[in-house]
Amino acid sequence: MPIGDLKAFFAKLETDAALQDQARALQGSTDDERVAGLCALAADAGFTVTPEDLSSAAAGTAAAELDDQSLRAVVGGICESTGFFAPHLGREFLGG
């Protein structure tokens with residue numbers, strides 16, 4: 001898994017308001033649509049993120065490799081730098 005791209009994508013998600021809006025638009029979609037949508041958003045932003053990467057992150061298997069800031073982006077919470085509220089990001093976006 002390219003954990004570097006996953007971490008970089010979530011770091012960009014925390015700071016990019018337009019990307020946040022696009023990710024929020026995925027809420028209400030099916031699980032598969034959310035995963036595909038996040039992978040597409042990552043690709044458009046220049047990152048290689050697969051459904052397996054997102055699934056592993058949501059399941060916590062990648063948690064040991066994520067820094068605290070990236071982990072908060074995966075599991076949800078308030079982004080300290082932007083105030084972006086992402087409650088249970090893993091569950092809402094990834095169906096976890």
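Just to verify a result, which residue in region 1-19, among those that are in contact with an Asp or Glu (Cβ under 8 Å, 6 or more places away or on another chain) and assigned to a helix (DSSP H, G or I), is farthest from Asp68 (Cα to Cα)?
The initial filter retains those residues of region 1-19 that are in contact with an Asp or Glu (Cβ under 8 Å, 6 or more places away or on another chain), namely 1-3, 5-7.
Going one step further and asking which of them are assigned to a helix (DSSP H, G or I), we end up with 3, 5-7.
Values: Ile3: 14, Asp5: 16, Leu6: 14, Lys7: 10 Å.
Selected residue: Asp5.
Suppose we filter Thr48, Thr30, Thr61, Thr82 for residues that are modelled with pLDDT of 90 or more and polar (S, T, N, Q); which single one remains? So that I can check it myself, show each step before the final result.
On the way: Thr30 fails: modelled with pLDDT of 90 or more; Thr61 fails: modelled with pLDDT of 90 or more; Thr82 fails: modelled with pLDDT of 90 or more.
Being modelled with pLDDT of 90 or more and polar (S, T, N, Q) holds for just one of Thr48, Thr30, Thr61, Thr82, which is Thr48.
Mind checking which residues of region 14-47 are under 15 Å from Ala57 (Cα atoms), among the hydrophobic types (A, V, I, L, M, F, W, C) and touching a residue at least 40 places away in the same chain (Cβ under 8 Å)?
Those that are under 15 Å from Ala57 (Cα atoms), among the hydrophobic types (A, V, I, L, M, F, W, C) and touching a residue at least 40 places away in the same chain (Cβ under 8 Å): Val35, Leu38.
Any idea which of (1) in a helix (DSSP H, G or I); (2) modelled with pLDDT of 85 or more is the one Arg72 doesn't satisfy?
(2)
The values are calculated or read from the model by the stated rules, or taken from the named source; none is laboratory data. None of these values were measured; they are calculated from a predicted model. We place every Cβ from the backbone using ideal geometry, glycine too, and count neighbours over all the protein chains shown.
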